[in-house]
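A.B. asks: First the structure, which I've put down as structure tokens, then a few questions once you've had a look.
The values are calculated or read from the model by the stated rules, or taken from the named source; none is laboratory data. Here the structure is a predicted model, which means the values were calculated and not measured. Don't worry about glycine lacking a Cβ; one is built from the backbone with ideal geometry, like all the others, and counts go over all protein chains shown.
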Amino acid sequence: MATEALTKMRELDSRTIDGISVRLLWNEPDGRVFVSVADSKTGDVFDLEIRDPERTREVFHHPFAYAAWYGVDTRMGASASPATDQAG
């Protein structure tokens, strides 16, 4: 995400367990919502863009499952390109 976009982000929720930090972020200017994941043990970082607001909590609680579903590479050094949540 661009630096300018990050400055407009608001954290709606966060949790950390076993070195994995999960943040629910809202981009105020355009209304987009993201789940951002960082694993301090492996250095892995990735973001998921949530397009279906009804799945927000589900993606927040199961980001690795959604990353796998949408083909987001969660390994260290992988691009943090957001995946879209278009399942229905």
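A.B. asks: Being modelled with pLDDT of 95 or more and either among the aliphatic types (A, V, I, L, M) or closer than 14 Å to Leu48 by Cα (or both) is the filter here, so list the residues in the range 1-16 that pass it.
C.D. replies: Keep residues of the range 1-16 that are modelled with pLDDT of 95 or more, which gives 10-16.
Across the range 1-16, the qualifying residue is only Leu12.
A.B. asks: Tell me whether the range 64-74 contains one or more residues that are surrounded by 18 or more Cβ atoms within 10 Å (Cβ to Cβ), modelled with pLDDT under 95, out of contact with any Cys (no Cβ under 7 Å at 6 or more places or on another chain) and not hydrophobic (A, V, I, L, M, F, W, C). Break it down into steps so the answer makes sense when it comes.
C.D. replies: Step one: list which residues in the range 64-74 are surrounded by 18 or more Cβ atoms within 10 Å (Cβ to Cβ), which gives 66-67, 72.
Restricting the remaining residues to those that are modelled with pLDDT under 95 gives 66-67, 72.
Subset that is out of contact with any Cys (no Cβ under 7 Å at 6 or more places or on another chain): 66-67, 72.
So of that shortlist, the ones also not hydrophobic (A, V, I, L, M, F, W, C) come out as 66.
Within the range 64-74, one or more residues are surrounded by 18 or more Cβ atoms within 10 Å (Cβ to Cβ), modelled with pLDDT under 95, out of contact with any Cys (no Cβ under 7 Å at 6 or more places or on another chain) and not hydrophobic (A, V, I, L, M, F, W, C).
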